[in-house]
1. Inspect all residues belonging to the range 131-139 and state whether any of them is among the hydroxyl-bearing types (Ser, Thr, Tyr), in the same structural domain as Ala211 (by TED's automatic domain parsing) and touching a strand residue (DSSP E or B) at 6+ places or on another chain (Cβ under 8 Å).
2. Which members of the range 105-121 meet the condition of being under 16 Å from the mean Cα position of the chain (by Cα) and β-branched (Val, Ile, Thr)?
3. Need at least 3 residues that are closer than 26 Å to Ala75 by Cβ and in contact with a helix residue (DSSP H, G or I) (Cβ under 8 Å, 6 or more places away or on another chain) per element, so show me which strands (runs of 3 or more DSSP E) inside the range 158-214 make the cut, counting only ones lying wholly within it.
4. Anything in the range 165-214 that is in contact with a Lys or Arg (Cβ under 7 Å, 6 or more places away or on another chain) and of a type in the set (S, T, N, Q)? List them, or say none.
5. Is it true that Glu179 is acidic (Asp, Glu) and under 30 Å from Lys93 (Cβ atoms)?
6. Restricting to the range 77-103, count the residues that are under 16 Å from the mean Cα position of the chain (by Cα) and outside any loop (DSSP other than H, G, I, E, B).
7. Answer with yes or no whether Ala152 is under 18 Å from the mean Cα position of the chain (by Cα), aliphatic (A, V, I, L, M) and surrounded by 13 or more Cβ atoms within 10 Å (Cβ to Cβ).
Amino acid sequence: MPVSFGEEFLFGLRAHPVGDRPRPAGPHGVVSLARGDDRIAVGNDTAFRPRLPEEHLLDFARDRDKPSQPEPVTATEQLAALARLDGVLAMHKVPYWLFGGWAVDFHAGSVTRSHDDLDIAVWSKDHERIAELLATDGWQHTPQEGEDGYTAYTRGTVRLELAFLARDQGGTIYTPLREGRASWPEAAFGGDVAELAGVRARVITLAALKAEKSQDRDDPVVAAKDSADVATLSRDT
C-alpha cells in the first residue's frame, strides 16, 4: 500500500561561555598568559585582560575541544536562499514545487512559525542537473543515512530537502521509494506561484496542501505542526 509523502515522511527518515578567556592561536602567533601581570600576548601585540584562575583555563581547554553547535537558521536566511534557488531553477527552466511549512506561509502571505528547512519537490529525472546547479551556487550535498525518496543539501545555515517525483503510466504522480512508492494529494503540482516578503516561489496547490496537512500523523511533533498549519490555512486563505 502506498504511503503518504509529506513532512512526517521526511521527519521519520531523517557550554561554558568563553568570555575573557585566552583565545586559541591565530595567524599572528601563539596566545600566552603571563603569570606576573595581566598582559596577554598575541604575536607582537599585547593587550591587558584579567588574569584567570588555572581551573578556568582548564575549563576553556575542555570547552575548546567540544564540537561546535550549529547556528540557528533565521526566516530571513531561508527566504534569501529560496529566492536564489527560484532564480537559478527558473533560469534553467527546471520545475519545482515548495511544500511543507514554508508552502503554508506562502499561501497565508506571512511567516507564521519557524521552519527547520526548505522542502521542495522536483522530478527525479532532473536531479543530476539540479545537483550541478546547486553545487555551482554554493550548496553542499549532505545526505542522511537511510534516505529514501529524498536527499538534502545545505548552504551556510540553510538546509534544503529535495523530494523526488515520478509519473506512472496512468498519470499519477508519486515519489519512488526503494520498496514501493509514496503518494501525494491529487492535483498537487500545478502552476501556482505565491509571493512572501518579496520572494517568489512555485508552490503546491492550496487544496493539496490542506489535504496533506490534514492527514493523521503518528509523530506528535509533526502532528502538532500540521494542526497549527491547518488552522493557519483555514484562517488566512
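1. No, because not a single residue in the range 131-139 is among the hydroxyl-bearing types (Ser, Thr, Tyr), in the same structural domain as Ala211 (by TED's automatic domain parsing) and touching a strand residue (DSSP E or B) at 6+ places or on another chain (Cβ under 8 Å).
2. The answer is Val111, Ile120.
3. Because the criterion is at least 3 residues that are closer than 26 Å to Ala75 by Cβ and in contact with a helix residue (DSSP H, G or I) (Cβ under 8 Å, 6 or more places away or on another chain), the strands (runs of 3 or more DSSP E) in the range 158-214 that meet it are 158-167, 193-196, 199-202.
4. Answer for the range 165-214, where residues must be in contact with a Lys or Arg (Cβ under 7 Å, 6 or more places away or on another chain) and of a type in the set (S, T, N, Q): just Thr175.
5. No: the conditions fail for Glu179.
6. Of the residues in the range 77-103, 16 are under 16 Å from the mean Cα position of the chain (by Cα) and outside any loop (DSSP other than H, G, I, E, B).
7. Against the criterion (under 18 Å from the mean Cα position of the chain (by Cα), aliphatic (A, V, I, L, M) and surrounded by 13 or more Cβ atoms within 10 Å (Cβ to Cβ)), Ala152 qualifies.
The values are calculated or read from the model by the stated rules, or taken from the named source; none is laboratory data. Quick caveat: nothing in here was measured; it's all calculated off a predicted structure. Glycine gets a Cβ as well: all are built from the backbone with ideal geometry, and neighbour counts include every protein chain shown.
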